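The values are calculated or read from the model by the stated rules, or taken from the named source; none is laboratory data. Small disclaimer: the values here were computed from a predicted structure and weren't measured. Ideal geometry is used to build each Cβ from the backbone, glycine not excepted, and the neighbour counts take in all protein chains shown. Keep in mind that these areas ignore ligands, DNA and RNA; they rest on the heavy atoms of the full protein, side chains included. Shrake-Rupley method; radii C 1.70, N 1.55, O 1.52, S 1.80 Å.
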Number of protein chains: 2
Amino acid sequence: MKCTVCRGPAVIDVRRHNSAFCSDHFVKHCHDQVRRAIDEHHMIEPGDRVLVAVSGGKDSLALWDLFAGLGIDADGLYLGLGIDEYSDESVEHARAYATGHGRTLHEVDLAADVGFTVPGAAESTHRSPCGACGLSKRHLFNRFAMERGYDVVATGHNLDDEAAVLLGNVLRWEVGYLGRQHPVLPAADGFARKVKPLIRLGEREMAAYCVVRGIDYQVEECPMAAGNRHLGYKEALNAIEDRSPGTKAAFVFGFLERGHDRFGDDVEHERAALTPCTSCGAPTPSGVCAFCKLQERVTQVPVPSGRRPG
Amino acid sequence: MKCTVCRGPAVIDVRRHNSAFCSDHFVKHCHDQVRRAIDEHHMIEPGDRVLVAVSGGKDSLALWDLFAGLGIDADGLYLGLGIDEYSDESVEHARAYATGHGRTLHEVDLAADVGFTVPGAAESTHRSPCGACGLSKRHLFNRFAMERGYDVVATGHNLDDEAAVLLGNVLRWEVGYLGRQHPVLPAADGFARKVKPLIRLGEREMAAYCVVRGIDYQVEECPMAAGNRHLGYKEALNAIEDRSPGTKAAFVFGFLERGHDRFGDDVEHERAALTPCTSCGAPTPSGVCAFCKLQERVTQVPVPSGRRPG
């Protein structure tokens with residue numbers, strides 16, 4: 001297998017591009033794809049303060065590294081989810097990258113700063129841990145960015161992630177989510193801009209990028225996500241991609257070109273109707289926001305049975 | 001396993017309905033689902049002359065039988081595709097059903113009546129046999145209905161078929177096809193109404209219906225379809241359905257409720273621009289229709305090399 005660019009020995013093939021790359025040209029390929037995503041979707045403007053949501057996994061560390069390679073100065077924020085050894089190991093990878101590359105890593109710890117953990121939230125609400133985790137991440141990354149004056153929150157969602165989320169949304173025709181699914185969510189009252197610069201790169205490319213660049217990352221999948229629907233969608237798409245390379249890219253980019261705007265009305269309408277959360281001030285459809293409700297429910301001290309009201 | 005209705009021994013469970021049925025109540029379940037599909041989508045009006053597209057497989061024979069059970073008088077049309085023993089066996093099943101149940105079966109033979117077969121078309125056009133087959137079926141069923149005064153062409157597409165086609169269409173965001181994907185395509189100039197009364201019943205239910213009703217059908221899959229993309233989509237959806245029963249139904253019916261109309265403009269626009277095929281008169285976007293082009297290409301006698309023009 002030879003590099004499509006220089007004919008030297010290739011380290012990875014990218015079937016959907018009908019290409020293979022040596023280490024140097026693979027890094028360039030990744031730079032080019034991220035640059036193209038940023039430019040096409042106007043993700044980052046000159047002077048923007050950028051915050052990377054860093055999990056310690058391959059995608060977020062690769063994103064942080066790719067930003068540096070493209071001359072984009074970005075700080076990281078690690079959110080401690082309290083998932084036992086998985087979280088303990090993840091934060092070490094995030095810290096090691098920051099220290100080794102002279103970057104600023106902020107840390108917020110769910111247990112210490114907000115009073116609960118993801119497993120605790122799942123247990124006391126009898127709901128999926130992934131739901132509580134996603135809600136907490138969206139809320140706290142945004143809150144941190146707003147409080148510290150960051151213009152942009154960049155996340156490491158890659159092409160495989162976006163394709164799987166899109167599949168879940170079309171399988172249930174979640175028209176509100178489809179209207180919101182975009183590599184850029186513009187800033188609005190109470191919201192920093194959200195961007196996904198890895199949308200043109202797949203999961204396998206991100207792992208290869210970390211290997212090529214010598215970045216140590218958390219290789220374990222989150223133990224709480226095992227068997228969730230999202231992973232089922234990924235498997236289904238992998239089976240289809242294997243027969244027809246390029247399916248995921250055509251699915252995601254075709255949606256952006258010809259699908260997304262057909263679901264737009266719902267979002268504008270929803271956003272116009274948001275009011276500040278009466279507890280934390282974040283924009284919410286009504287009264288107290290979902291995160292504050294979760295926090296209240298998980299952290300409240302149970303009322304002893306003898307004193308239960310009514 | 002007990003029948004959800006009468007608590008007698010069940011012969012089949014239907015996970016997405018969280019139900020199981022004895023033979024009698026399973027037949028009733030199928031009647032109810034077809035009746036509901038017909039009523040909800042106004043598929044058949046009193047006095048309509050109905051033509052069933054009969055392949056000899058489980059779906060089309062079950063549909064013909066379900067029509068009889070619901071008091072809907074329908075004739076069948078079998079289209080001989082010229083796929084060797086597969087076609088020879090298929091037509092025998094269609095004829096046996098018609099004879100055994102006193103129904104009228106028309107037959108059109110591609111080779112004898114139009115001058116080519118599906119394998120021949122695939123070979124001489126170097127295209128997928130499924131493309132030539134689908135094109136020929138759509139064209140010839142419609143032509144037959146128009147010539148013989150049938151108001152409605154009913155096909156045996158079931159829930160699994162529709163879900164797989166829908167998945168293919170959203171994976172490529174084929175907005176024109178999405179606008180046309182509906183259990184009813186209304187009649188228009190040159191087009192009979194097209195209806196899919198089995199849209200609320202799955203593949204497994206159709207096989208079970210034939211077994212319960214003692215209908216012999218072609219059990220082999222078409223040998224030319226092996227490995228095609230459509231079957232890959234079915235496998236992917238089966239894997240997802242297995243984890244989350246009801247996914248296919250939510251996908252198809254959610255599309256009809258919240259998705260379909262968002263893709264409608266393209267269809268109206270396309271239909272308005274159709275003109276009669278200069279060869280056969282069928283509505284077509286321009287000049288000669290796709291079927292006549294295929295027919296011309298496949299049946300033309302090759303010009304001997306010494307006499308090749310220019």
Please enumerate the residues belonging to region B:1-31 that are touching a Lys or Arg at 6+ places or on another chain (Cβ under 9 Å) and without any contact (Cβ under 8 Å) to a residue 40 or more places away in the chain.
B:VAL5, B:GLY8, B:PRO9, B:ALA10, B:ALA20, B:PHE21, B:CYS22
Check on A:ASP75, touching a Leu at 6+ places or on another chain (Cβ under 9 Å) and touching a residue at least 60 places away in the same chain (Cβ under 8 Å)
yes
Return the residues of region A:219-234 that are closer than 16 Å to A:ASN158 by Cβ and at pLDDT below 95; say none if nothing qualifies.
A:VAL219, A:GLU221, A:CYS222, A:ALA225, A:HIS230, A:LEU231
Conditions: (1) under 17 Å from the mean Cα position of the chain (by Cα); (2) closer than 14 Å to B:LEU198 by Cα; (3) open to solvent by 50 Å² or more (accessible area, probe 1.4 Å); (4) not aliphatic (A, V, I, L, M). B:ASP32 meets all but one. Number of the miss?
(1)
Looking for whichever is touching a helix residue (DSSP H, G or I) at 6+ places or on another chain (Cβ under 6 Å), surrounded by 17 or more Cβ atoms within 10 Å (Cβ to Cβ) and either of a type in the set (Val, Ile, Thr) or at positive phi (or both) here; the options are A:ILE72, A:ILE12. Which one fits?
A:ILE12
Can you pull out the residues in region A:58-99 that are of a type in the set (A, V, I, L, M), within 18 Å of the chain's Cα centre (by Cα) and assigned to a helix (DSSP H, G or I)?
A:LEU61, A:ALA62, A:LEU63, A:LEU66, A:VAL91, A:ALA94
Scanning region A:279-301 for residues that are surrounded by fewer than 17 Cβ atoms within 10 Å (Cβ to Cβ), in contact with a Ser or Thr (Cβ under 6 Å, 6 or more places away or on another chain) and hydrophobic (A, V, I, L, M, F, W, C) gives A:VAL288
With the condition being away from every other protein chain (no Cβ under 14 Å), crowded, with 17+ Cβ neighbours inside 10 Å and in contact with a strand residue (DSSP E or B) (Cβ under 6 Å, 6 or more places away or on another chain), I'd like the helices (runs of 4 or more DSSP H) fully within region B:136-240 carrying at least 1 qualifying residues.
B:203-213
Quick check on region B:104-112. Is at least one of its residues free of Cβ contacts under 8 Å to residues at least 24 places away in the same chain and either open to solvent by 10 Å² or more (accessible area, probe 1.4 Å) or part of a helix (DSSP H, G or I) (or both)?
no
Would you pick out the residues in region A:245-259 that are surrounded by 21 or more Cβ atoms within 10 Å (Cβ to Cβ) and within 7 Å of chain B (Cβ to nearest Cβ)?
A:THR247, A:PHE251, A:PHE255, A:GLY259
For region B:270-308, give me each residue that is among the polar types (S, T, N, Q), at pLDDT 85 or above and farther than 19 Å from B:GLY176 by Cα.
B:THR278, B:SER279, B:GLN295
Hey, among the residues in region B:252-269 that are charged (D, E, K, R) and at pLDDT 90 or above, which one's nearest to A:VAL175 (Cα to Cα)?
B:ARG258
